Amino acid sequence: MGDLLGFVLSGLVSGALYALLATGLVLSYSASGLFNFAHGATAYLCALGYYELHSGFGWPAVPAALLLVVVVAPATGWALDRAMFRKLAKAGETAQIVATIGLLVALPAAGLWAVELLRDAGVPVQPAENQFGLPGVGPSPAKSWQLMDGVGVDSDQLITWITTAVVALGLWVLLRHTTLGLRLRAAVDNRSLTELRGISADRLSSIAWMLSSALAGLAGVLATPLLGLSAHDYTLFLFVSATAAVLGRFASVPLAFAGGLALGVLQNLAAGYASFADRITGFRTAVPFFLLFAGLLLMARRQRAAGTAAADVTTPDYLAGASWARRWGPWAAAAALLAVAFYTVTTPFWSGLLAQGLAISLVFVSFTLVTGLGAMVSLAQATFVTGAALVAGLLMSHGWPFVAAAVVGTCVAAVLGALVALPALRLGGRSLALATLALAFLADQVLFQLGWLRNGDAGWSIPRPVLGPVDLADDRAMGVALIVVLSVVVAALSALRGSATGRAILAVRSAPAAAMASGVSVVRTKLVLFALSAGLAGFGGVMYASYNTRITATDFTALTGLVWLAVVVAAGLRRPQFAVVAGLVFAIVPHLFQTYVTDSAHLPVILFGLAGLALANDPDGYCAAVSVRLRRRRAEGAARIERIVQGPPSDTPDRPLAPAPASSRPPALELRGVHAGYDGAAVLHGVDLTVRPGEILALLGPNGAGKSTLCRVAAGILAPAHGSVLTHGRDGTREGPVRRSRDGILLAPEGRGIFPALTIEENLTLYLPGRTARGQVYERFPQLAARRGVLAGSLSGGEQQMLALAPLLQRPPKVLIADEPSLGLAPRVVDEVFAVLTELRAAGTALLLVEEKAAEVLGLADTVAYLSAGRVSWCGPRAEVETDRLTEAYLGIAAPAGTGPGGRTDVDVDGEVAGRDR
């Protein structure tokens, strides 16, 4: 019993730290959609700062800890959100993953470099790197208490438990009993709808990142006695805590917190009672990664299978169809010049450095294959490199020739890649990245600990081969041979992209369901691609180990693969040539900085990390950005010339507009000459529209006419390319949805404008903070009052729509833009919805109503506008609506004979359209 209690208590210490980190991960992910791989680096940075303030500058422990946790860590989170995370939220998932990995690399190096600079300046700082046995926040040395025979606790453990309990209580109060917490949960549920309700999602995101960083800083300070100052250990601690975040499904703070505590206890119990694991080296330390992988697979079963591993779209190739000379000429010339340089101008030192860069380039090209072409983020490439090199070294130690050993090592890496991919391919994006990383840690902890494979700490000797008359022991010959090999590999990958197999891969990446319907096996295609990438990484690993003439099990750890990925993606994944550039930069830049800038090893690491951060501005990498920006400048110049020659675009519609009804009331919402679209594709072409207070303007038109786009422009979600949007006579063209909502312009989006994960009461509270106003809503809609504690997502479609519209009766907006409010509702509910809209009109609200039910809406509208192909082709009073125009719009045929004179439709008091079957 004493042993069990001891394991549980000590497990709760690490579990509390896991819980703090996991909670921060969930908060930041929920607010921004980013999984922060650098969360552990923030914890390490605060631990480093605490150590230097307390042990170096002599600050008292508690003030030093409070400064870091309450001020420095939140300020870091706020700054990173403003400078980086907001932009990354709009980038592809590959860029998001790699940018935060870049931050993971850069932050610890930046902290250590700062300590070096302070020490050189004579400041009394302490040696910082890999220090252990450090004091905690409590007494030093820590006080101990014996609870029972063999079971004791110390002051550091007690402080960790108490602090974690207080934080858990504070988070519960914040999220469940404060307005800020309610808004944070609303932003998690539906970020865009939060902004449509006048709540700044960016501000909430900043608050979430500040809280997340504060929790990371707290975990870092509390973990100082346990982890010391090892950046590697803090990173491992983060990925263990990611298991708890997975248990919380990246959304539930309580589940993540409880999962962290349980994980710490389970890890200790496995270490204490799993006697069968004594025969498996590294099993006990690998338990959290088993759980992480299993949790990801379980989460994938509960969700729909991901079609691709990342949400990135294929980047257009601007050189597709160009001549060979334009497409390949510069690269071929560069390869030839480099080969000649090996035997003419390079010194032995530079020959070796360039050969090293070319060797690592083979590994880097494998990222182009799996991530650039297949959009699958693999964080296990270093595992394939180590596995292939160890197998090749093992075989060569038994007398195998280099070529045969390299082939077998490459095949082993390909098989290992298939084994990694087979269970993980159903995952997508961050889940696939975390799964491959978990398997990479498992390989480090278990597979590469096998004595017959690793050969102890000495590893295996891999001499450079002699190929006929060519002895690759000469760095020059090695470099030229690698240029030839890389040329063949790059040409093969380019040929693959343009082949039928490459087109199948792109189809699987972009639209897996459509690819499957076309007879393409999605699983087999992904599996083959992953295995090919692993084999290529393995071959590169053999060549790189051959350059170094030795391989050990610790040369390329899982974390090394993270750095590699950051370097490659920063250069660009679009084309394999960019990976070669990345390899040369990776080899050369550290030497240049060491020779000409500083002898610190930290600055090059910082720069490589910052290269990953640059993806927030250039998601395709700096190599691709050069050609993209040149092309963009040429396109902008051509567009300016065309506008000068042709003049401004014509806003004249196909038919003349009927004059709008005269009114003395000033417009509540006015669109003037609005042009808008998406990614350069125009949707609206010079739209003019006016909505006045107390008026319902019904916007009719076929699917694809641009009605929803017009609503998005009016609500401030989409900025127009040309034209202006006036609200109450004031130009609000450049205002976003938050400012537009606060100005009284409210959008009821297509579907249901509710927060499904919040209760009815909480949904109403977001719009009606006053209890009295909510009580009046419940009096009007008793079906909502009876279920006020029920989650809104469990309501029927009609109840959800009434929940979205009901609070507007208590606080009518100045303008309501209703996009398909009756979509998917029963006729009785539709009548209730239209009754609410009529009440809002009577309250003076201006309504822009988009509807497919033309007959019903014509009985409600004051003014009708018809939108066709992005233009308002007719606008006028309801009584002048022409049946032939409506018939042609919705059915694509001319009006039947027998319509009234002039094609005019008579509308009776009940809203029935004469001559039209409802």
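The values are calculated or read from the model by the stated rules, or taken from the named source; none is laboratory data. Small disclaimer: the values here were computed from a predicted structure and weren't measured. Neighbour counts are summed over all protein chains in view; Cβ atoms, including those assigned to glycine, are modelled from backbone coordinates with ideal geometry.
Residue by residue, here is whether (1) assigned to a helix (DSSP H, G or I); (2) crowded, with 22+ Cβ neighbours inside 10 Å; (3) of a type in the set (Ser, Thr, Tyr) holds:
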{"site": "361", "(1), (2), (3)": "yes, yes, yes"}
{"site": "365", "(1), (2), (3)": "yes, yes, no"}
{"site": "369", "(1), (2), (3)": "yes, yes, no"}
{"site": "382", "(1), (2), (3)": "yes, yes, no"}
{"site": "393", "(1), (2), (3)": "yes, yes, no"}
{"site": "415", "(1), (2), (3)": "yes, no, no"}
{"site": "418", "(1), (2), (3)": "yes, no, no"}
Practice task
Check whether at least one residue in region 558-576 is surrounded by fewer than 21 Cβ atoms within 10 Å (Cβ to Cβ) and either modelled with pLDDT under 80 or of a type in the set (Phe, Trp, Tyr) (or both), and report yes or no.
Solution key: no
Exercise for the section: Collect the residues in region 104-137 that are in a helix (DSSP H, G or I) and charged (D, E, K, R), keeping them in residue-number order. Expected result: 116, 119, 120
Problem - Test: residue 539 is in the same structural domain as residue 388 (by TED's automatic domain parsing) and within 26 Å of residue 463 (Cα to Cα) - result: yes
Practice task
Scan region 697-716 and report the pairs whose first residue is on the phi < 0 side of the Ramachandran plot and in a strand (DSSP E or B) and whose second residue is acidic (Asp, Glu) and modelled with pLDDT of 85 or more, with Cβ atoms within less than 9 Å and a gap of 6+ or a chain change.
Solution key: 697/862; 698/862
Handout entry: One residue from 215, 211 being closer than 22 Å to residue 156 by Cβ and either touching a residue at least 24 places away in the same chain (Cβ under 8 Å) or in contact with a helix residue (DSSP H, G or I) (Cβ under 6 Å, 6 or more places away or on another chain) (or both)
Key = 215
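Could you check region 220-249 and list, in sequence order, the residues that are in a helix (DSSP H, G or I) and more than 26 Å from residue 432 (Cβ to Cβ)?
Listed by number, the residues that qualify are 220, 221, 222, 224, 225, 226, 227.
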Exercise for the section: Restricting attention to region 715-732, report how many residues are of a type in the set (S, T, N, Q) and more than 11 Å from residue 673 (Cβ to Cβ). Expected result: 1
Problem - Where residue 556 falls short, out of the listed (1) within 26 Å of the chain's Cα centre (by Cα); (2) assigned to a loop (DSSP other than H, G, I, E, B); (3) among the hydrophobic types (A, V, I, L, M, F, W, C) - result: (1)
Exercise for the section: For region 770-818, please list each of the helices (runs of 4 or more DSSP H) lying entirely inside it that holds at least 3 residues being outside the structural domain of residue 710 (by TED's automatic domain parsing) and of a type outside the set (Asp, Glu). Expected result: 771-780, 782-785
Completion exercise
Within region 809-853, restricting to residues that are among the polar types (S, T, N, Q) and in contact with a helix residue (DSSP H, G or I) (Cβ under 7 Å, 6 or more places away or on another chain), the one that is farthest from residue 865 (Cα to Cα) is 810
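Criterion first (of a type in the set (D, E, K, R), modelled with pLDDT under 75 and either in a helix (DSSP H, G or I) or assigned by TED's automatic domain parsing to the domain that holds residue 432 (or both)) does residue 278 satisfy it? Break it down stepwise before answering.
Values: of a type in the set (D, E, K, R): yes; modelled with pLDDT under 75: yes; either in a helix (DSSP H, G or I) or assigned by TED's automatic domain parsing to the domain that holds residue 432 (or both): yes.
Spelling it out, residue 278 is indeed of a type in the set (D, E, K, R), modelled with pLDDT under 75 and either in a helix (DSSP H, G or I) or assigned by TED's automatic domain parsing to the domain that holds residue 432 (or both).
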Handout entry: Residue selected from region 47-62 under the condition within 20 Å of residue 155 (Cβ to Cβ) and in contact with a helix residue (DSSP H, G or I) (Cβ under 6 Å, 6 or more places away or on another chain), by the criterion surrounded by the fewest Cβ atoms within 10 Å (Cβ to Cβ)
Key = 59
Problem - One residue from 402, 448 being buried (at least 21 other Cβ atoms within 10 Å of the Cβ) and modelled with pLDDT of 85 or more - result: 448
Exercise for the section: Would you check if there is a residue in region 717-730 being among the β-branched types (Val, Ile, Thr), touching a residue at least 40 places away in the same chain (Cβ under 8 Å) and crowded, with 20+ Cβ neighbours inside 10 Å? Expected result: yes
Problem - For residue 146: the one exception among (1) surrounded by 22 or more Cβ atoms within 10 Å (Cβ to Cβ); (2) part of a strand (DSSP E or B) - result: (1)
Exercise for the section: Six or more apart or on different chains, Cβ under 6 Å: which pairs go from a residue in region 453-474 that's closer than 13 Å to residue 396 by Cβ to one that's of a type in the set (Ser, Thr, Tyr) and crowded, with 16+ Cβ neighbours inside 10 Å? Could you list them? Expected result: 459/552; 462/546; 464/546
